[in-house]
Amino acid sequence: MVHLPTRFDGRRKSAEYEAVVRAGPHLRRLQQAHAHLVVTGCHRSRALITKLLTLSCAAGSISYTRRLYRSLAHPDSFLFNSLIKASSKFGFSIDAIVFYRRMLLSRVTPSSYTFTSVIKACADLSLLRVGTLVHSHVLISGYSSDSFVQAALVTFYAKSCAPRVARKVFDEMPQRGVVAWNSMISGYEQNGLANEALAVFRRMVESRVEPDSTTFVSVLSACSQLGSLELGCWLHECIVGSGIHVNAVLATSLVNMFSRCGDVARARAVFDSINDGNVVSWTAMISGYGMHGYGVEAMEVFHRMKDRGVVPNSVTFVAVLSACAHAGLIDEGRLVFASMKQEYGVVPGVEHHVCMVDMFGRGGFLNEAYQFVKGLSSEELVPAVWTAMLGACKMHKNFDLGVEVAENLISAEPENPGHYVLLSNMYAFAGRMDRVESIRNVMIQRGLKKQVGFSTIDVDNISYLFSMADKSHPETNEIYHYLDELMGRCKDAGYAAVPELAMHELEEEEKEYALRYHSEKLAVAFGLMKTDHGVTLRIAKNLRICEDCHSAIKFMSVVTNREIIVRDKLRFHHFREGSCSCLDYW
DNA sequence: ATAGGGTTAG
């Protein structure tokens with residue numbers, strides 16, 4: 001047989017290529033392969049350099065990638081696309097944008113592939129201005145009707161907190177595949193626009209586009225935001241009925257949805273059906289138990305997770321410590337915090353510190369909470385830690401320390417209305433109504449407003465929203481009348497209004513009225529009126545439940561013999577027979 | 001010769 005030189009040459013190059021591929025995404029092995037290419041004289045091969053570039057990016061070494069790039073005289077469009085794609089894919093978003101700029105400066109024409117990658121980089125960095133500029137390049141280059149570029153733009157605008165622009169791009173798409181719908185749904189969901197996300201989902205179904213597991217992951221998140229169990233159960237049925245394979249990601253979304261909608265037993269049932277659970281699924285279950293105050297169950301799952309060889313990470317420890325805090329498991333929490341550092345090498349962050357302060361505070365160890373705070377370095381003493389400390393002071397009615405902490409917090413974050421409200425509450429406790437008044441004036445001067453609280457409840461698949469002293473509901477008179485009558489029965493049973501939040505609302509004349517008609521009370525009254533005896537009420541509130549409402553609902557659960565579940569900003573309260581699952585620490 | 005796209009969980 002005759003071996004022609006060209007053929008021989010081709011085979012030799014292929015062997016070099018194989019050597020680079022074999023090195024894989026490992027920096028040292030890639031450098032060895034590179035050195036070998038230099039020795040054999042193949043280092044000028046574009047194909048090999050391109051492969052080396054993407055692999056070094058995958059190996060996490062952007063500096064080596066840059067060196068390879070600089071070694072090239074005239075990079076072509078292939079090389080730029082590979083560079084931009086790889087750097088954006090592996091998290092080097094800024095480099096992706098820098099390479100894109102170099103591409104333009106080198107007068108190399110970008111393609112739709114270039115745009116999808118560079119737009120993703122802008123999305124990951126939420127760079128609205130840069131991304132908008134790239135969008136203009138898209139329009140000039142004539143790629144504005146490319147469906148991949150459009151879907152990338154939808155995601156980009158959504159991640160840059162511009163969901164309305166995202167919607168505009170979405171609406172202008174001539175045809176929308178499942179990914180485009182998913183981009184829009186997740187875009188709304190991530191901006192906290194749960195109802196909008198669900199509306200797009202319904203339109204997607206009407207348009208006869210089959211939702212896939214990604215669709216449901218986003219829709220379930222939207223449902224979790226709303227806290228609507230009825231909606232969640234319907235979605236669960238949709239998933240089962242559609243025959244979609246419930247992978248670990250989707251199952252974890254279901255666990256999260258059921259937990260956040262108040263049905264932790266169903267969350268557990270889904271969790272038990274997961275075969276290929278990873279650290280995220282386990283963490284979701286732990287956090288689900290934690291927010292319901294089931295600390296023992298959370299610890300049990302945590303230990304089983306470790307027995308199965310799943311390694312907990314930083315997020316897992318936040319879930320575990322928070323579960324300990326909400327269940328009063330101080331000793332367990334201490335051990336977990338120590339093992340987190342020693343056994344797992346997880347460096348405690350702000351969230352872990354907040355959990356610890358919270359845990360000591362709730363558990364009645366105010367002094368220990370303060371010692372913990374004082375043991376932190378100055379860089380670790382961020383406002384969130386002080387806020388937790390302030391919450392502990394409030395709980396234990398420690399006026400002096402609380403005022404000191406609150407004043408520091410206000411000087412650190414003068415625009416956060418929550419700090420003023422807490423300080424005001426401290427003064428109200430101490431009977432210093434003059435100080436309460438002056439804080440109120442400062443808030444008015446600085447144009448600060450308390451967040452508006454609202455509560456939702458579902459009755460017969462319809463979600464009803466109540467805000468404080470709300471009168472928009474058509475049956476307002478009946479609801480208020482029922483609530484007054486109910487509060488009368490509670491008083492007979494021993495309820496006394498908790499004067500805590502004398503300053504809960506800024507409008508003086510509405511104080512007492514406001515307290516009597518807080519949104520959660522209205523929602524409970526409405527639910528009691530509209531549902532049969534034996535039906536558990538589920539209410540979701542956007543802020544923390546107030547002390548007076550907490551006390552009132554405990555009495556309501558007795559006098560009406562009902563189970564009432566309230567989700568507030570941080571956790572669940574299960575009211576039954578006059579007591580609450582939070583044991584009055586929240 | 002070289003790569004190949006947009007969406008998803010705690």
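The values are calculated or read from the model by the stated rules, or taken from the named source; none is laboratory data. These numbers come from a predicted model, not from an experiment. We place every Cβ from the backbone using ideal geometry, glycine too, and count neighbours over all the protein chains shown. Please note that ligands, DNA and RNA were not included when accessible areas were found on the heavy atoms of the full protein model with its side chains. Shrake-Rupley method; radii C 1.70, N 1.55, O 1.52, S 1.80 Å.
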Restricting to segment A:190-215, and then to whatever is part of a helix (DSSP H, G or I) and near DNA strand B (Cβ under 8 Å from one of its atoms), can you tell me which residue is least open to solvent (accessible area, probe 1.4 Å)?
A:T215
Does segment A:382-392 hold any residues that are within 18 Å of A:S411 (Cα to Cα) and either charged (D, E, K, R) or surrounded by 17 or more Cβ atoms within 10 Å (Cβ to Cβ) (or both), and which are they?
A:V385, A:W386, A:T387, A:A388, A:M389, A:L390, A:G391
Just one listed residue, out of A:V558, A:V535, is more than 17 Å from A:A327 (Cα to Cα) and either open to solvent by less than 40 Å² (accessible area, probe 1.4 Å) or in contact (Cβ under 8 Å) with a residue 60 or more places away in the chain (or both), and it is A:V558
Looking at segment A:261-295, which of its residues are among the β-branched types (V, I, T), more than 9 Å from DNA strand B (Cβ to nearest atom) and within 23 Å of A:L329 (Cβ to Cβ)?
A:V264
For segment A:155-182, enumerate the residues that are open to solvent by 10 Å² or more (accessible area, probe 1.4 Å) and within 8 Å of DNA strand B (Cβ to nearest atom).
A:T155, A:K159, A:R176, A:G177, A:V178, A:V179, A:N182
With the condition kept exactly as written, say whether any residue in segment A:264-284 is of a type in the set (D, E, K, R), under 18 Å from the mean Cα position of the chain (by Cα) and outside the structural domain of A:H303 (by TED's automatic domain parsing).
no
Name the residue that is nearest to the chain's Cα centre (by Cα), counting only residues in segment A:361-371 that are at pLDDT 90 or above and assigned to a helix (DSSP H, G or I).
A:G361
Can you name the residue in segment A:235-260 that is of a type in the set (G, A, S) and assigned to a helix (DSSP H, G or I) and is also farthest from DNA strand B (Cβ to nearest atom) among such residues?
A:G241
Unmet requirement for A:K341, which otherwise passes all of (1) within 16 Å of DNA strand B (Cβ to nearest atom); (2) open to solvent by 40 Å² or more (accessible area, probe 1.4 Å); (3) part of a helix (DSSP H, G or I)
(1)
Among A:V318, A:V311, the single one that is open to solvent by 10 Å² or more (accessible area, probe 1.4 Å), within 16 Å of DNA strand B (Cβ to nearest atom) and more than 22 Å from A:G293 (Cα to Cα) is A:V311
Could you list all residues from segment A:56-99 that are buried (at least 23 other Cβ atoms within 10 Å of the Cβ), assigned by TED's automatic domain parsing to the domain that holds A:A19 and under 32 Å from the mean Cα position of the chain (by Cα)?
A:S56, A:C57
